[in-house]
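Following: one structure in structure tokens, then a few remarks.
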Amino acid sequence: MEKTVFIKRTNGETDMGKNFLTLIVVLATVCLSACSVSENTPYKNFEAEPYENTDFAMGTVINQRIYADNAEEISRKVMERIRQIEDDMTINKPGGEINRLNDSAGTDFVKVSEDTLYVLEKAKKFSEISNGAFDVTIGPLVKEWGISTDKPAVPSMERLQNLMSLVNYRDITIDREESKAKLEKKGQLIDLGGIAKGFAADEAIEIYREHNIRSAFINIGGNIALLGGKPDGSPWKVGIRNPRGPEGSYIGIISAKDKAIVSSGDYQRYFIKDGTKYHHIIDPKTGYPADSGLIGTTIIADLSVDADALSTATFVLGLEKGMELIEKIEGVEAVFITKDKKVYATEGLAGSFKFEDDSKGYEYVKKR
Amino acid sequence: MLKKGDIVLIGIIGVAIVISSVFVLQYKRVDNGTHKIAVIKVKDKVVKSIDLSSVTEPQRIEISGEYNQVVLVENGRIRFLEAECPDKVCVNTGWLSDKGDMAVCIPNSTMIKIEGQSSKVDIVTH
């Protein structure tokens with residue numbers, strides 16, 4: 001009896017020992033795999049709180065959300081880069097290359113940086129493909145309307161007719177070899193307001209990439225550029241602004257990773273005179289705020305600079321021509337909102353755009 | 001047949017699961033809390049932080065700067081009430097009451113934001 005018990009006990013002890021070994025092995029494996037997961041997965045900061053920064057530059061609000069340990073430092077680098085772009089390209093304060101280019105209009109070439117060359121080339125390209133609906137030589141008209149200033153005013157038709165003769169993107173000559181550019185006629189003015197913020201957003205994404213960040217976004221006054229998806233790997237959810245609702249209200253949601261999303265609309269900047277609303281997107285062909293039947297356009301593209309120019313171009317072109325233009329360009333999608341509150345999306349957005357209108361004021365038209 | 005060791009092993013794993021679940025739930029609950037904290041920022045510096053849920057009496061907050069502004073706080077909501085700036089975008093934004101809501105005055109570099117994120121969208125175009 002005693003012997004049996006002893007043997008049993010021995011057996012029990014060996015089993016216990018084996019199990020204990022198993023337990024240690026299991027725990028060690030779990031521990032190691034957990035460690036290696038956190039080392040190797042792209043979503044290193046899965047549980048980490050995002051770093052958020054809000055700042056002001058380029059005449060607008062800039063919001064960054066970054067998932068990284070050194071996010072604050074990176075966000076500062078991004079702001080420095082944006083301020084440098086602003087200094088080069090602004091016409092709202094003295095100095096900078098575009099001011100020099102404008103001052104030398106009709107006389108001489110002006111040396112410009114690689115940034116400015118790139119943006120001018122992009123601007124010309126989008127002017128060409130939109131048949132002049134987007135045109136950065138719109139400056140004289142924008143200045144006359146003064147919509148972003150303290151004293152906006154409705155100019156006379158005659159005055160607008162005169163100024164319209166100065167608006168022509170073909171008068172921008174770019175000499176890439178010599179890094180210089182020129183405006184043909186005296187009085188011509190380049191205004192990069194419809195494209196520079198898009199470029200700045202692309203540059204921010206570039207800085208995030210250089211620092212091996214995998215999840216971040218930047219919003220430069222509505223020019224949204226996404227890096228990767230959310231830290232858990234799911235796409236970012238971007239609301240498309242309800243043009244007749246308050247800031248932050250939306251008519252649908254786009255799920256996207258690594259995309260730029262830019263909206264243009266008549267609600268962004270405007271003034272009201274004698275009961276008429278005058279918004280800031282001037283049609284180069286009429287001299288007046290664009291009246292194409294659209295109240296909001298949103299472009300989804302790989303580059304923010306492209307989305308920025310195209311949102312303005314399509315806003316001026318209207319639903320039919322705007323759709324035609326977008327369908328011609330590979331990898332670019334759009335959502336258009338018409339004056340009669342109908343929402344149209346390109347076919348390529350079928351899987352990623354969800355119509356969601358809490359205001360119940362809009363109608364989603366799937367097929368044109 | 002389960003041996004003593006197996007039971008011990010299952011027990012340990014079970015306890016580990018329960019403990020980690022408690023922590024995860026705790027973490028989630030903090031995020032979904034009902035407290036709405038509004039912050040008023042001037043040039044990205046927080047000048048005032050208000051728990052909107054604990055506001056009982058309407059309260060006016062004056063911000064002086066290049067353009068003077070008045071912020072109004074009520075239970076559960078906050079807004080720019082008056083502003084001397086030319087465009088009045090901040091005042092026209094109206095009441096903010098949900099997490100992630102934001103009103104901004106660009107000429108004055110001021111903003112009000114309700115902290116946290118909207119559950120449905122990460123960001124909205126402008």
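The values are calculated or read from the model by the stated rules, or taken from the named source; none is laboratory data. Just so it is clear, the structure is predicted and the values come from calculations on it, not from any experiment. Ideal geometry is used to build each Cβ from the backbone, glycine not excepted, and the neighbour counts take in all protein chains shown.
Of the residues A:Ser234, A:Ser264, only one is farther than 18 Å from A:Met89 by Cβ, within 14 Å of chain B (Cβ to nearest Cβ) and either crowded, with 21+ Cβ neighbours inside 10 Å or in contact with a strand residue (DSSP E or B) (Cβ under 7 Å, 6 or more places away or on another chain) (or both); which? Please lay out each step first, then the result.
Details: A:Ser234 fails: either crowded, with 21+ Cβ neighbours inside 10 Å or in contact with a strand residue (DSSP E or B) (Cβ under 7 Å, 6 or more places away or on another chain) (or both).
Result: A:Ser264 is the single residue among A:Ser234, A:Ser264 that is farther than 18 Å from A:Met89 by Cβ, within 14 Å of chain B (Cβ to nearest Cβ) and either crowded, with 21+ Cβ neighbours inside 10 Å or in contact with a strand residue (DSSP E or B) (Cβ under 7 Å, 6 or more places away or on another chain) (or both).
In this structure, does A:Glu247 turn out to be closer than 24 Å to A:Gly361 by Cα and surrounded by fewer than 22 Cβ atoms within 10 Å (Cβ to Cβ)? Spell out the reasoning first.
On the way: closer than 24 Å to A:Gly361 by Cα: yes; surrounded by fewer than 22 Cβ atoms within 10 Å (Cβ to Cβ): yes.
Taking the combined requirement at face value, the residue satisfies it.
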| Do we find a residue being on the phi > 0 side of the Ramachandran plot, modelled with pLDDT of 95 or more and not hydroxyl-bearing (Ser, Thr, Tyr) anywhere in segment A:229-251? | no
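Here is a yes/no grid of residues against (1) more than 30 Å from A:Leu160 (Cα to Cα); (2) facing chain B (nearest Cβ under 10 Å); (3) not in a loop (DSSP other than H, G, I, E, B):
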| position | (1), (2), (3) |
| --- | --- |
| A:Ile254 | yes, yes, yes |
| A:Asp258 | yes, no, no |
| A:Ile272 | no, no, yes |
| A:Pro284 | no, no, no |
| A:Gly287 | no, no, no |
| A:Asp291 | no, no, no |
| A:Thr314 | no, no, yes |
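Return the residue satisfying two criteria in turn: it lies in segment B:90-101 and is at the interface with another protein chain (Cβ under 9 Å from one of its Cβ atoms) and crowded, with 17+ Cβ neighbours inside 10 Å, and of such residues it is modelled with the highest pLDDT.
Residues of segment B:90-101 at the interface with another protein chain (Cβ under 9 Å from one of its Cβ atoms): B:92-96, B:98, B:100-101.
Within this subset, residues satisfying the condition of being crowded, with 17+ Cβ neighbours inside 10 Å are B:93, B:96, B:100-101.
Values: B:Thr93: 84, B:Leu96: 89, B:Gly100: 80, B:Asp101: 83.
Checking each candidate, the answer is B:Leu96.
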| task | Could you tell me whether any residue of segment A:324-331 is within 21 Å of A:Asp266 (Cα to Cα) and in contact (Cβ under 8 Å) with a residue 12 or more places away in the chain? | result | yes
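Counting just the residues of segment A:214-228 that are buried (at least 21 other Cβ atoms within 10 Å of the Cβ) and outside any strand (DSSP E or B), which one comes out nearest to the other protein chains (Cβ to nearest Cβ)? Full working, then the answer.
Restricting attention to segment A:214-228, the residues satisfying the condition of being buried (at least 21 other Cβ atoms within 10 Å of the Cβ) are A:215-228.
Next cut, outside any strand (DSSP E or B) only: A:215, A:221-222, A:228.
Working: A:Ser215: 11, A:Gly221: 6, A:Gly222: 3, A:Gly228: 12 Å.
Across segment A:214-228, the extreme among qualifying residues is A:Gly222.
Has segment A:155-175 got any residue that is within 21 Å of the chain's Cα centre (by Cα) and either of a type outside the set (D, E, K, R) or surrounded by fewer than 18 Cβ atoms within 10 Å (Cβ to Cβ) (or both)? Full working, then the answer.
Pass one, segment A:155-175, residues within 21 Å of the chain's Cα centre (by Cα): none.
No, that holds for no residue.
Can we say A:Ile299 is buried (at least 23 other Cβ atoms within 10 Å of the Cβ), outside any loop (DSSP other than H, G, I, E, B) and either without any contact (Cβ under 8 Å) to a residue 40 or more places away in the chain or at positive phi (or both)? Quick ask: steps written out before the conclusion?
Numbers: buried (at least 23 other Cβ atoms within 10 Å of the Cβ): yes; outside any loop (DSSP other than H, G, I, E, B): yes; either without any contact (Cβ under 8 Å) to a residue 40 or more places away in the chain or at positive phi (or both): yes.
Yes: the conditions hold for A:Ile299.
Can you tell me which of A:Ser179, A:Ser234, A:Ser249 is among the hydroxyl-bearing types (Ser, Thr, Tyr) and touching a helix residue (DSSP H, G or I) at 6+ places or on another chain (Cβ under 8 Å)?
Numbers: A:Ser234 fails: touching a helix residue (DSSP H, G or I) at 6+ places or on another chain (Cβ under 8 Å); A:Ser249 fails: touching a helix residue (DSSP H, G or I) at 6+ places or on another chain (Cβ under 8 Å).
On inspection, the qualifying residue turns out to be A:Ser179.
Tell me, yes or no, whether segment B:113-120 has at least one residue that is charged (D, E, K, R), free of Cβ contacts under 8 Å to residues at least 40 places away in the same chain, closer than 24 Å to A:Gly296 by Cα and more than 8 Å from chain A (Cβ to nearest Cβ).
Here is the first cut: in segment B:113-120, the residues charged (D, E, K, R) are B:113, B:115, B:120.
From the residues that got through so far, the ones that are free of Cβ contacts under 8 Å to residues at least 40 places away in the same chain too are B:120.
Restricting the remaining residues to those that are closer than 24 Å to A:Gly296 by Cα gives B:120.
Retained after the next criterion (residues that are more than 8 Å from chain A (Cβ to nearest Cβ)): none.
No, because not a single residue in segment B:113-120 is charged (D, E, K, R), free of Cβ contacts under 8 Å to residues at least 40 places away in the same chain, closer than 24 Å to A:Gly296 by Cα and more than 8 Å from chain A (Cβ to nearest Cβ).
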